[in-house]
Structure formats: C-alpha cells, structure tokens
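Working notes, structure below.
What follows draws every value from the coordinates through simple rules; no lab data is involved. Predicted, not measured: the structure shown is a model, and the values here were computed from it. Ideal geometry is used to build each Cβ from the backbone, glycine not excepted, and the neighbour counts take in all protein chains shown.
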Amino acid sequence: MAAPASEKQVMVVGVDESDCGVHALEWTVDHFLAPSMPHPPFKLVVVHAKPSASSAVGLVGPGAAEVFPIVDADLKKRAARVVEKAKDLCASKSVHDVTFEVVEGDPRNVLCDAVEKHHASILVVGSHGYGAIKRAVLGSVSDYCAHHAHCTVMIVKKPKAKH
C-alpha cells in the first residue's frame with residue numbers, strides 16, 4: 001500500500017569513511033533527490049555506524065581502561081568528520097529533507113536497525129569491492145543487509161577507474 005502523498009517514504013543511506021560510502025550517498029542524491037526533482041519522493045536518513053572503543057581496541061585486562069577514553073574520543077572525531085562530509089555533500093546539492101545519525105555498533109546491525117526504526121522503503125549501501133577471501137574474513141555489510149534488512153537494498157558500486 002502506497003504512503004499518502006503528504007507522507008514521504010524513507011530512504012536510509014549508510015556512510016563510512018571510505019570513498020565507497022561517500023560515492024553511495026552522492027549517487028543516491030544525484031539520482032533520487034537532485035534539485036531537478038522539485039518534489040523528491042523520499043526523506044533521506046544518513047546513518048554512520050561508529051565502532052565502540054572496546055571493539056576497536058580489542059583489549060581486556062590491565063591498562064585497557066586507560067586506553068578506551070582515548071580511542072573513544074578518536075572514534076567520535078572520525079564519526080563527526082564522516083557526518084560533516086555527508087552534510088556538506090547534501091547541502092552542495094540542495095538536499096535539505098535529511099537527517100543524520102551516528103549510532104554505535106556493528107554497521108550490519110546498525111543499518112538493519114535503522115531500517116526498522118524509520119520504516120524505510122530502501123536501504124542504500126556502498127560496496128568496497130572486496131574479493132571472496134577478504135569478504136569471508138571481514139564480512140560484507142552489503143551482503144548482510146541484502147539478506148537481513150526488511151526493505152529493498154540497493155548496493156552502489158564505485159566505477160573502476162579507466163586506464
């Protein structure tokens with residue numbers, strides 16, 4: 001059942017520090033929310049998953065407690081940079097119906113939870129283009145979301161540079 005005309009559908013876009021994450025947001029804005037569309041059909045929610053200090057450090061035992069605040073402060077600065085870059089991109093393309101969120105946790109869970117929280121129709125994620133071995137070791141956020149998010153998932157690949 002379609003949403004009433006006054007109620008826009010929600011599109012969640014996952015962003016990270018990589019060029020792939022920024023490209024996914026830029027591609028989405030250019031194709032779905034560009035100024036050439038006077039009444040875009042979507043409200044944009046840009047989500048960045050910030051790792052927890054404990055997951056980033058991976059330490060336990062003596063000395064770990066002293067390291068966590070330093071690591072956490074760095075992770076917060078990095079998250080702020082990601083969001084600032086996303087805000088600048090949206091502003092430069094005159095996209096104003098947008099919300100930015102930083103949520104601590106694993107990106108796979110954070111993005112699927114954001115879909116549920118916002119009742120999103122579409123989740124957009126970038127693709128790092130990892131090979132099979134790296135994907136098996138690191139896990140693929142896009143693959144996980146494609147199988148677990150309760151909405152359409154669009155995976156945006158960054159074009160390879162032409163030689």
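Some observations on this one:
- Segments 95-105, 24-34 sorted - mean Cβ within 10 Å per residue, highest first: 24-34, 95-105
- Here the label points at residue 34 and residue 97, each 7 Å from Cα along the C-beta direction, are separated by 1.8 nm in the simple model.
- Cut-off 14 Å between beta-carbons: net charge of the residues surrounding residue 110, Lys and Arg +1, Asp and Glu -1: -3
- Residue 81-residue 113 pseudo-label distance in nm [points 7 Å out on the Cα-to-Cβ vector]: 2.5
- Set 117/160; 76/157; 43/85 screened for pairs whose C-alpha atoms are more than 30 Å apart: 117/160
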